[in-house]
Structure formats: C-alpha cells, structure tokens
Amino acid sequence: MIRAIITDDEVRSVETLRRLLEMYCPAVKVVAECYSAESTRRQIALHRPDLLFLDIAMPGKSGLDLLHELGETPFEIIFITAFNEFMTQAFRFSAIDYILKPVDEELLVKAVSRVEKRMSLAAAPASMEALRYNLKNLQHPQEMKICIPHAKGFVLVHLADIIYCEANNTYTTFFLTSGKPFVSSKSIIDFELLLQDTSFCRIHKSFLVNMLHIKEYVKGEGGSVILSNNAELEVSRRKKDHFLARVKEYYKF
C-alpha cells in the first residue's frame, strides 16, 4: 500500500485526483488532502507518507517553496499542475513525474507504477552494492527523458539522444543524435543541476557533455573530447581532473 497525500488549492482538483486514484491506482491510499503548503507540512509530519501529489502554483507558498523549506523529502513526489514552466525546477527534487492538468489516467498509472518499483526495491533484502546497481538501472539514460523548455512550450527528449549542450549567454543549445540543434530558454547551469546524477559532465564553462557519446579524449593542458557526432570540444584546465574522475567512475576503469 502506498500512503499518499494530495496537495492542491483547488477542491475540485483534489476530488478529481482522488477519484482517479480510486479507479485506476488501488495500491494508493490517500491519508490526507491538503489545500495549502502549511497544512501539507503538518500532515507530512503526522502521517509520514510514501508519496506526495503536489500542485505548484498555490496562494501564499508554492509547492516548490514547501519543498525548499522541508529540505529532506523522504517520500516520492508527483507534481500535478496546470503550468509547464516549472518543470526544470520541479525535477531538481528528483520527482517521479510531472503531470499536467487535466490528469491523464494512463500517465497517472505509469507514475504510480514507478513509485511502486522504487518502494519494492528499497524494501527488498539486498546488499548496498546491489541496491546502487539497481537504482542506476532504474535511471538509465536510455530510459529517461528530460523536459526542455523553450519560448513556445517544451519538448521531451531521451537523455541518450543528447550528445552535448552548449551555453549561449542565458540560453542553451542542445546537439542531438538527430543532427538538428535545439535551443532552450534555460541556462546551462539549470541543466547541469538537473542532470548531475546522470551520464552528463560539465567539461568547460560552455559545454555539458553526455559521457555515453565520448569517443576519444585527446591529451593537452586541459585536453579535448571527440564525440559521436565528431565534434571536438575543449576540456578546461580547471575541469580536467573532475572530468577524468567522472569518466573513470562511470566506465569502471
């Protein structure tokens, strides 16, 4: 059983989500319904839930404000919101999913299923080494997607399809396996923070590379990397040691 709290300032949204959970996600037990960040904080302390369904834009404190204040979040998070512009910030909290209203029941079922998998993995008797291995596979770049906001909305891209990102003032250009560059309205720092626990590594103030696409490293003061699309990018002297350590850790050599 997944013990969950629903937080949304709109009563109708709370009721709709509860009904969807009752119909399509019988493993979820709603232990509290909250309509503000403050009431959610109290209910989290009281119930210690496994899962929080959280709206973002609420009067007073937003859902993101609440998570910043809580600091540690020993529960899974699924964002349910009408706004797509907060995706990058939301996923910094290791959220399971970000579902836009009106809620699609198939997306809801898939998100809850991922919660179940994480909970069953954590409860299974296993060594710490096996646990780390399984968690890594749950988050394998081949299976993960990133939300990339731009001026007209956003796109979802598999991490494995991103070769590297290049800073362009306050924007970021994505170079993809499709060969067509894509410009995001967010800065490269936003994406570095979002991707810090994946296969991506910052090698220069201008470059964030996907280690899955590195073909070769060329020695030098900082050196350079040659990627799968044959682009050769400079590794800054300051980033060199960190980059080489990340590669050795990722590829186990």
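The values are calculated or read from the model by the stated rules, or taken from the named source; none is laboratory data. Note that the structure is predicted; figures quoted are calculated from it, not measured. When we count neighbours, we look across all protein chains shown, and the Cβ atoms used for this are built from the backbone with ideal geometry, even at glycine. Heavy atoms of the whole protein, side chains included, go into the accessibility calculation; ligands, DNA and RNA do not. Shrake-Rupley method; radii C 1.70, N 1.55, O 1.52, S 1.80 Å.
Worth pointing out:
- Odd one out for residue 191 among (1) open to solvent by less than 70 Å² (accessible area, probe 1.4 Å); (2) farther than 26 Å from residue 111 by Cβ; (3) modelled with pLDDT under 95; (4) not hydroxyl-bearing (Ser, Thr, Tyr): (2)
- Residue match in the range 171-186 (condition: basic (Lys, Arg) and at pLDDT below 90): yes
- For the range 33-43, the tally of residues that are open to solvent by less than 20 Å² (accessible area, probe 1.4 Å) and not polar (S, T, N, Q) stands at 2.
- In the range 15-31, the residues that are over 16 Å from residue 115 (Cβ atoms) reach residues that are assigned to a strand (DSSP E or B) with C-beta atoms within less than 9 angstrom, at least six apart or across chains, in these pairs: 15/33; 18/6; 18/30; 18/33; 22/28; 22/30.
- Helices (runs of 4 or more DSSP H) contained entirely in the range 1-75, each with at least 1 residues that are modelled with pLDDT under 95 and closer than 19 Å to residue 104 by Cα: 11-24
- Condition met for residue 214 (among the β-branched types (Val, Ile, Thr), within 22 Å of the chain's Cα centre (by Cα) and surrounded by 16 or more Cβ atoms within 10 Å (Cβ to Cβ)): no
- Scanning the range 217-239 for residues that are open to solvent by 40 Å² or more (accessible area, probe 1.4 Å), free of Cβ contacts under 8 Å to residues at least 24 places away in the same chain and not charged (D, E, K, R) yields 218, 230.
- Any hit, the range 207-225, residues being in a strand (DSSP E or B), out of contact with any helix residue (DSSP H, G or I) (no Cβ under 6 Å at 6 or more places or on another chain), within 24 Å of residue 154 (Cα to Cα) and not polar (S, T, N, Q): yes
Listed here are the residues, each with its yes/no results for (1) in contact with a Lys or Arg (Cβ under 8 Å, 6 or more places away or on another chain); (2) surrounded by 22 or more Cβ atoms within 10 Å (Cβ to Cβ); (3) among the hydrophobic types (A, V, I, L, M, F, W, C).
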| residue | (1), (2), (3) |
| --- | --- |
| 9 | no, no, no |
| 16 | no, no, no |
| 23 | no, no, yes |
| 26 | no, no, no |
| 31 | yes, no, yes |
| 52 | no, yes, yes |
| 68 | no, no, no |
| 71 | no, no, no |
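- Failed criterion for residue 180 (all others in (1) buried (at least 16 other Cβ atoms within 10 Å of the Cβ); (2) of a type in the set (D, E, K, R); (3) over 19 Å from the mean Cα position of the chain (by Cα); (4) farther than 21 Å from residue 235 by Cα hold): (1)
- Scanning the range 76-88 for residues that are open to solvent by less than 20 Å² (accessible area, probe 1.4 Å) and out of contact with any Lys or Arg (no Cβ under 8 Å at 6 or more places or on another chain) returns 77, 78, 79, 87.
- Subset tally (residues that are in contact (Cβ under 8 Å) with a residue 24 or more places away in the chain and part of a strand (DSSP E or B)) for the range 173-199: 5
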